[in-house]
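J.: Mind having a look at this structure? Questions to follow.
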Amino acid sequence: MSFAKVLLVDDEVGFLNIMQKRLTGRDLEVLTAESGDDCLGVMSKNKDVDVVILDVKMPGMDGIEVLKALRRDHPLVEVIMLTGHATVETAIMGMKNGAFDYLMKPCDIDNLLNLVKSAKKKKADHEEKILQAQMKEITGRMI
Ligand SMILES: [Mg+2]
């Protein structure tokens with residue numbers, strides 16, 4: 001049983017494969033995408049993704065562009081940015097654009113797992129609040 005479904009997005013295929021194996025071994029369900037376009041395509045077919053782990057630096061759409069598209073089209077999904085030393089400022093810009101957090105590459109697997117757990121909890125709490133608001137609305141209409 002996985003505790004969260006994540007989508008790992010990075011243009012380095014070797015990195016994707018290694019991380020997919022390691023995270024799957026730690027009870028995550030892991031989808032992968034090799035570009036921003038690919039990420040948005042996978043998301044449109046998998047509405048139940050909890051957390052996107054997103055490389056900042058990619059050819060084509062970069063991490064910030066992908067983040068903005070995710071916030072617009074999938075507002076409940078949480079995003080963790082992965083960055084190298086050279087792009088920390090971009091990762092911080094990501095935080096200002098609604099990313100849950102960011103992590104430096106090469107990332108420690110336990111740190112990443114802890115962040116995924118926190119992000120998943122935030123999403124679940126958010127969904128619960130929305131459900132309660134909808135219940136209130138329905139019961140309010142019945143009275
Ligand atoms: Mg990259």
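Taken together, the values in this text are just the output of simple stated rules run on the coordinates, not laboratory data. The structure presented is a predicted model; accordingly, all values stated were derived computationally and were not measured. Heads up, the Cβs are rebuilt from the backbone with ideal geometry, glycines too, and the neighbour counts pull from every protein chain shown.
J.: Give me the residue from the range 68-85 that is closer than 23 Å to residue 14 by Cβ and surrounded by fewer than 17 Cβ atoms within 10 Å (Cβ to Cβ) and, out of that set, nearest to the ligand (Cβ to nearest atom).
T.: Per the stated criteria, the residue is 84.
J.: For a quick check of your reading of the model, give me the residue pairs whose first member lies in the range 39-66 and is over 22 Å from residue 104 (Cβ atoms), whose second is within 13 Å of the ligand (Cβ to nearest atom) and part of a strand (DSSP E or B), with beta-carbon atoms closer than 9 Å and at least 6 apart or on different chains.
T.: 40/33; 41/33; 42/9; 42/33; 43/33
J.: Ok, one more. If I ask for residues that are part of a strand (DSSP E or B) and either farther than 23 Å from residue 122 by Cβ or more than 16 Å from the ligand (Cβ to nearest atom) (or both), which ones from the range 1-13 would you list?
T.: The answer is 4, 5, 6.
J.: For the subset of the range 29-67 comprising residues that are part of a loop (DSSP other than H, G, I, E, B), among the aliphatic types (A, V, I, L, M) and within 16 Å of the ligand (Cβ to nearest atom), which member is surrounded by the most Cβ atoms within 10 Å (Cβ to Cβ)?
T.: 56
J.: Looking at 16, 23, which one is assigned to a helix (DSSP H, G or I) and away from the ligand (no atom under 14 Å from the Cβ)?
T.: Exactly one residue qualifies, and that residue is 23.
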